[in-house]
Amino acid sequence: MQNIQKKWLILGAILAMLGVMIGAFGAHALKTILEANHRVETFDTAVKYHFYHALGLIIIGLLSAHIQNKWLGYAGYLMLGGLLIFSGSLYILCLTNLTFLGAITPIGGLGMIAGWAMLAVAVSKQR
């Protein structure tokens, strides 16, 4: 297994595991804080997109065995950055109710969108 492929597979698996842990922690230990801040739905959105993009990184890891171009790496880094900024800002917003963080969240969303676009480019450029 190539190092690049292994990197994305491990990172995706760890992020998926963290998604389960964060989601469970939110549903149980953070329930009262999320309800008090009226952020249960926001937290659920953060966890959902966290998972989608952890799975996206696993897909990139699997594809990297067959696709050897720079676009696939760009896709991975954009998805990772998007996940951290999007879900991370929403997690912090939910816990602190610092509403200015809502202005940062769309930057993460753009990273996620660009990551999927780069994945499409990577596949289309493969011979």
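The values are calculated or read from the model by the stated rules, or taken from the named source; none is laboratory data. It should be emphasised that the depicted structure is a prediction, and the values quoted were computed from it without experimental measurement. Virtual Cβ from ideal backbone geometry, glycine too; neighbours counted across all protein chains shown.
For the structure I just gave you, tell me whether Leu72 is part of a helix (DSSP H, G or I), in contact with a Cys (Cβ under 8 Å, 6 or more places away or on another chain) and more than 19 Å from Ala16 (Cα to Cα). Steps first, please.
On the way: part of a helix (DSSP H, G or I): yes; in contact with a Cys (Cβ under 8 Å, 6 or more places away or on another chain): no; more than 19 Å from Ala16 (Cα to Cα): yes.
Against the criterion (part of a helix (DSSP H, G or I), in contact with a Cys (Cβ under 8 Å, 6 or more places away or on another chain) and more than 19 Å from Ala16 (Cα to Cα)), Leu72 does not qualify.
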Quiz item: Name the pairs: first residue in the stretch 95-114 and within 19 Å of His38 (Cβ to Cβ), second residue not aliphatic (A, V, I, L, M), Cβ to Cβ under 6 Å, at least 6 apart or on different chains?
Solution: Asn97/Asn37; Leu101/Ser89; Thr105/Phe86; Thr105/Ser89
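If you check Ala75, Ala65, Ala36, which single one turns out to be small (Gly, Ala, Ser) and modelled with pLDDT of 95 or more? Please lay out each step first, then the result.
Details: Ala65 fails: modelled with pLDDT of 95 or more; Ala36 fails: modelled with pLDDT of 95 or more.
Sole residue among the options that is small (Gly, Ala, Ser) and modelled with pLDDT of 95 or more: Ala75.
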Exercise. Starting from residues that are loosely packed, with under 15 Cβ neighbours inside 10 Å and assigned to a loop (DSSP other than H, G, I, E, B), keep the ones in the stretch 98-127 and report whichever is nearest to the chain's Cα centre (by Cα).
Key: Leu98
Quiz item: Could we say that Leu83 is within 10 Å of the chain's Cα centre (by Cα) and of a type outside the set (Val, Ile, Thr) here?
Solution: yes
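Residues to consider are Lys7, Lys31; find the one that is closer than 24 Å to Thr96 by Cβ and surrounded by fewer than 18 Cβ atoms within 10 Å (Cβ to Cβ).
Values: Lys7 fails: closer than 24 Å to Thr96 by Cβ.
Just one listed residue meets the conditions, Lys31.
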Quiz prompt | Residue tally, condition buried (at least 16 other Cβ atoms within 10 Å of the Cβ), within 15 Å of Ser89 (Cα to Cα) and more than 14 Å from the chain's Cα centre (by Cα), over the stretch 41-63 | solution = 1
Exercise. Can you work out which of the residues in the stretch 11-28 that are of a type outside the set (Gly, Ala, Ser) and buried (at least 17 other Cβ atoms within 10 Å of the Cβ) is farthest from Tyr77 (Cα to Cα)?
Key: Ile22
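Quick one: which of Leu93, Leu57 is in contact with a helix residue (DSSP H, G or I) (Cβ under 9 Å, 6 or more places away or on another chain), over 17 Å from Leu15 (Cβ atoms) and of a type in the set (A, V, I, L, M)? Before the answer, list the steps.
On the way: Leu57 fails: over 17 Å from Leu15 (Cβ atoms).
It is Leu93.
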